[in-house]
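Nothing in this text is a laboratory measurement; each read-out follows from the coordinates by a stated rule. Quantities reported herein were computed from a predicted structural model and do not represent experimental measurements. Note that each Cβ is placed from the backbone with ideal geometry, even for glycine, and that neighbours are counted across all protein chains shown.
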Amino acid sequence: MTKVPLLDLKMQYKSIKAEIDRAIGRVLDSQQFIMGPEVEALETEIAPYCGAGFAVGLSSGTDALLVSLMALGVSAGDEVITTPFTFFSTVGSILRLGAVPVFADIEPSTFNIDASQVQKLVTERTRAVIPVHLFGQCSDMEPLLQISQEKGIPLIEDAAQAIGAEYQGKRAGSMGTVGCFSFFPSKNLGAFGDGGLIATNDCELADRIRIIRNQGGNPKHHYRLLGGNFRLDAIQAAVLRVKLQYLDSWSAQRRRNADFYTARLHELGLAEEVAPPQVVRERHVFNQYVVRAKDRDRLAAHLNEKGIGTEVYYPIPAHLQDCLNDGRYRQGVFPVCEAVCNEVLALPIYPELTEEQKEYVVTTIAQFYGK
Ligand SMILES: Cc1ncc(COP(=O)(O)O)c(C=O)c1O
């Protein structure tokens, strides 16, 4: 029996069931499933939360990335600079447009793109830079914003895991040209299915994104732009509107859980074997609590055996994935990223974890290392 699953959404649902059921009921009564007032209301409510002027609801975080690139005119042969240590959809979205991902290694402290390596990768074909705010902590945006402004290259923040995170007081997804969010159920703000969103302060770009979201028709049945069906469901929007009200308290609880783990790992003398995540940029929203562990695979097997859910985010760097396979990148080119892939392990961090569960996680880790 799993004693501490990596994620358990049932308790969260139970705590807000009446409100959620009412919100879904409202959509069912209206029978308006595509666009309409729930999607509009979510966009109005969430834009200020993300620190942006405009928000456009979309079908997924992946589609938010794809639509961002489409709206910015990225096409075949263009180069897009990003990190090799991410959920593959960041890179897949670039590839789907025939564009070329150009990678920079990551910072060992945050696992995010090493901004100091980006400048030298810029060429006349560079059309965008995509930093990923991995696990809920922002990338080092200042140098990236400087490059973006100096060279006129759009910055697409992949904030899929970082809604509500901050960098120098600014919200994730509000600093670049656009910010992309995911409402995949495991995210801090999770829908009851797939969903995503783009935030931006650029009014014209927001208009273009809205047109692309709906097949590119503007006015209806007139297609100057190529789009697709990238719409957010009304039912998902209704669920997300309820959950948005609780998001800050859930993320604060994730932070408290993270503080507990980090303090206990130090107290138990385990910080050498299991290096806790470093919080370099306030504020971290801990979509994942990812340690660097010695003998990672055996530790994961031990925890699993003891009923504790873990996951490796991510075992293979993007530059070594088969579908890229154009021979540009070989093993060894990004040593930090490649080392990290062999050591990272995500521990359960969801807000509803009990004190007992958290203590069980750390003592089971201590048992593995004989401490
Ligand atoms: C960093 C990152 N980018 C993009 C995505 C894609 O989001 P989605 O699953 O909603 O398509 C995810 C999440 O799954 C993610 O973690």
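Just a few scattered comments:
- Spin-label proximity, residue 272 to segment 356-371 - amide N less than 17 Å from point 7 Å beyond Cα toward beta carbon: 366-371
- Residue exposure proxy: 13, 314, 350, ordered by other Cβ atoms within 10 angstrom of their Cβ from fewest to most, comes out as 13, 314, 350.
- Only beta bridges with both residues in segment 65-207 are counted; by DSSP, about 35 percent of them are antiparallel.
- Cα gyration tensor shape for segment 247-368, rounded if a/c is under 1.5, else prolate or oblate: prolate
- Separation between Cα centres of segment 119-144 and segment 191-264, rounded to whole Å: 21
- Between the listed residues 121, 34, 67, the Cα displaced farthest toward the positive end of the dipole of the chain, a dipole computed from Cβ unit charges relative to the Cα centre, is found at 34.
- For segment 10-244, taking Cα atoms only, Rg and Dmax work out to 17.5, 56 Å respectively.
- In this structure, the amide hydrogen of residue 52, modeled 1.01 Å from its nitrogen in the peptide plane, lies closer than 5 angstrom to no residue at least 5 positions away or on a different chain.
- Per-peptide average of other Cβ atoms within 10 Å, ordering 34-40, 109-115, 133-139 highest first: 133-139, 109-115, 34-40
- Structure note, pairs 14/187; 151/187; 17/187; 14/306; 187/306; 243/294: Cα-Cα distances above 28 angstrom occur for 151/187; 243/294.
- Packing-based exposure ordering (other Cβ within 10 Å, fewest first) of 26, 264: 26, 264
- Taking the DSSP beta bridges with both ends in segment 105-185, the antiparallel portion is around 40 percent.
- As a proxy for reagent exposure, 222, 302, 319 were ordered by neighbouring Cβ count within 10 angstrom, fewest first; the result is 222, 302, 319.
- When DSSP beta bridges are restricted to pairs lying wholly in the chain, around 60% turn out antiparallel.
- Among 293-299, 275-281, the order from most to least packed when residues are scored by Cβ within 10 Å on average: 275-281, 293-299
- Here the peptides 117-128, 93-104, 42-53 are ranked by packing, the mean other Cβ count within 10 Å, and the order with the highest first is 93-104, 42-53, 117-128.
- Label-zone membership for segment 208-249, site residue 15, 7 angstrom Cα→C-beta point, backbone N under 11 Å: 246-249
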